[in-house]
Amino acid sequence: MSAQATVPQVHSGSLSWGVHPDDRKQLSADAPIEVLPTPAQVRVPLLQHLGAPNEAVVKPRTAVAWGDVLGRSDAFVSAPVHAPIAGKTARVGAVTLPNGRRVAAVPIKADGEQVEGRALFDAIYGGPWPHDEIPDDPRAIVAAVREAGIVGLGGAAFPTHVKLSVREDRPIHTLILNGAECEPYLTADYRLMLEAPEPIVAGALAAARAVGAQQIAIAIEDNKPAAIGEMKRAVAGTPIRVVELTTRYPMGGERQLIYAVTGLVVPTGGLPLDVGVVVMNVGTAAAVARAVLRGKPLTHRIVSVTGEGIATPKNLLVPIGVSYAELVACCGGLTPDATRAVAGGPMMGFTLGSLDIPVTKGTSGLTVLTDSTIKKAPETNCVRCGRCVDVCPIRLVPTRIALAARHKAWDIARAYHITACIECGCCAYTCPANIPLTQLIRMGKAELPRS
């Protein structure tokens, strides 16, 4: 069947599964993007993506400029890392990522003239984005994206050039830009759509050309009317359409988004390209535009620093490798009742044991919660109510998987498709017995024997 014959029409824009948590986005939604002052030091992890780690290509005490390559790998599924500030490197050390993994990192001490403030924002997101300068050759687009070290900025951190390297036997008919940002509290993508829609549009056109997509949709939840309006203005005169989605968590998941926009179902264990679709975050699209049209790498990203435990919630444009502690300091520090810091949002994020952890390409937010916003209740026995099954967007049986993981019953865990779980947190959110279903499944996936 040809790609032309499989192009779907716009679906309902809604889901029958999932939950409706209080999104609490009002804390930072109206805070314009601010540029974090250049820190005295950054530590750039050599592994910030799914795939092979990089090897450092700079020696200690090497002077580097903004954008210089720090590490790369010859593996196809990998992404190089670049210097986010000008300075001098130090000896490669180890840092802890939000998920607890220890990886090598290149420290850089700031030195020399830096690009700061509005000049930095404009260098990354400002200026013209001429659509007629997008290369005709898909291979040139993919090569630029790979060299720029771009990964999915929505949190998955999968190397973007791999997504754009399509196969002839599985043609792509639709590119979907994910502007749902369904995770509670987070507003980084929302502010980007309001303040810099043009590079998003240019990146979408470049990505669609790379994969040969015949239609492009920018999907945004209907709780973001200002972003919907701004993106509709920005896409005028292009083949891109803006699709309004019903607000429901986890609408931003790839499989859920594809179904809501196209009605197509990605099979369990399958990939979006199996149904002819590529999904890309709006922030990733903006990075693609900068790589393709300007030849510049991914060195900064927007991070929402929010939650009731933050004195002044903000959306910050920050260099990759800066510590979470510096983000908190820029926002006035923690409130007296701050209790828990989460990398990302409360549904899918990782609790941080320390703020001395570097921001990575996949860092979408830092959410600091207080005692009053944390649900505390003792765990009890499963009551077989089936609520976790009702809300699971993958149509799994979370309680069976979680309890199998707890007791290391790996055959049962596999039989119930533990690896298909997207760890969205809906099951734990709705469980009346307060069983930490998502955490148990996450641990089970990490401990699952490979045989």
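The values are calculated or read from the model by the stated rules, or taken from the named source; none is laboratory data. Nothing here was measured: the structure is a model prediction, and the numbers come from that model. Cβ placement follows ideal geometry from the backbone for every residue including glycine, while neighbour counts extend to all protein chains displayed.
With a requirement of 1 or more residues that are of a type outside the set (S, T, N, Q) and in contact with a His (Cβ under 9 Å, 6 or more places away or on another chain), the helices (runs of 4 or more DSSP H) lying completely within region 77-175 that satisfy it span 117-125, 138-147.
Output yes when any residue across region 221-240 is at pLDDT 95 or above and part of a strand (DSSP E or B), and no when none is. Within region 221-240, one or more residues are at pLDDT 95 or above and part of a strand (DSSP E or B).
Checked against (1) in contact (Cβ under 8 Å) with a residue 40 or more places away in the chain; (2) within 23 Å of ALA433 (Cα to Cα), CYS330 passes all but a single condition, namely (2).
Of the numbered criteria (1) over 30 Å from TYR429 (Cα atoms); (2) surrounded by fewer than 23 Cβ atoms within 10 Å (Cβ to Cβ), the one ALA206 fails is (2). Taking VAL305, is it touching a Cys at 6+ places or on another chain (Cβ under 9 Å), farther than 18 Å from PRO159 by Cβ and not polar (S, T, N, Q)? Spelling it out, VAL305 is indeed touching a Cys at 6+ places or on another chain (Cβ under 9 Å), farther than 18 Å from PRO159 by Cβ and not polar (S, T, N, Q).
Just one residue in the set ARG400, ARG442, ARG387 is in contact with a Ser or Thr (Cβ under 6 Å, 6 or more places away or on another chain) and of a type outside the set (Ser, Thr, Tyr); that residue is ARG387. Among residues of region 188-208 that are in contact (Cβ under 8 Å) with a residue 12 or more places away in the chain, those with a beta-carbon under 7 Å from a residue that is among the acidic types (Asp, Glu) at least six positions away or on a different chain give the pairs ASP189/GLU181; TYR190/GLU181; MET193/GLU230; LEU194/GLU230; PRO197/GLU230.
Residue under question is LEU293, and the condition is that it be touching a residue at least 60 places away in the same chain (Cβ under 8 Å), assigned to a helix (DSSP H, G or I) and crowded, with 24+ Cβ neighbours inside 10 Å; does it hold? Judged against the criteria, LEU293 is not a match.
Of the helices (runs of 4 or more DSSP H) lying entirely inside region 319-411, the ones with 1 or more residues being of a type in the set (S, T, N, Q) and over 19 Å from the mean Cα position of the chain (by Cα) are found at 398-406.
Within region 128-145, residues that are within 15 Å of ALA287 (Cα to Cα) have Cβ atoms under 6 Å from residues that are not in a helix (DSSP H, G or I) in these pairs: ILE141/PRO135; VAL142/SER165, counting only partners at least 6 apart in sequence or on another chain.
Checked against the criteria, THR399 counts as out of contact with any Gly (no Cβ under 6 Å at 6 or more places or on another chain), within 23 Å of CYS431 (Cα to Cα), of a type in the set (Val, Ile, Thr) and crowded, with 22+ Cβ neighbours inside 10 Å.
Checking the structure you have, find out if any residue of region 241-253 is under 20 Å from the mean Cα position of the chain (by Cα) and either assigned to a helix (DSSP H, G or I) or in the same structural domain as ALA415 (by TED's automatic domain parsing) (or both). Checked against the condition, which is being under 20 Å from the mean Cα position of the chain (by Cα) and either assigned to a helix (DSSP H, G or I) or in the same structural domain as ALA415 (by TED's automatic domain parsing) (or both), region 241-253 yields no hits at all. The single residue among VAL81, VAL95, VAL106 that is closer than 18 Å to SER323 by Cβ, surrounded by 12 or more Cβ atoms within 10 Å (Cβ to Cβ) and in contact with a Lys or Arg (Cβ under 6 Å, 6 or more places away or on another chain) turns out to be VAL95. Return yes when ASP411 is of a type in the set (Asp, Glu), touching a strand residue (DSSP E or B) at 6+ places or on another chain (Cβ under 9 Å) and free of Cβ contacts under 8 Å to residues at least 40 places away in the same chain and no when it is not. Here the answer is no, as ASP411 does not meet what is asked. Residues that are surrounded by fewer than 17 Cβ atoms within 10 Å (Cβ to Cβ) and not in a loop (DSSP other than H, G, I, E, B) within region 51-66 comprise GLU55, ALA63, listed in sequence order.
Restricting to region 366-393, name every residue that is buried (at least 18 other Cβ atoms within 10 Å of the Cβ) and farther than 12 Å from PRO436 by Cα. LEU366, THR367, VAL368, LEU369, THR373, ARG387, VAL391, CYS392, PRO393, listed by residue number. GLU198 meets the conditions (1) on the phi < 0 side of the Ramachandran plot; (2) touching a Ser or Thr at 6+ places or on another chain (Cβ under 9 Å); (3) among the acidic types (Asp, Glu) in every case but one. The failed one is (2).
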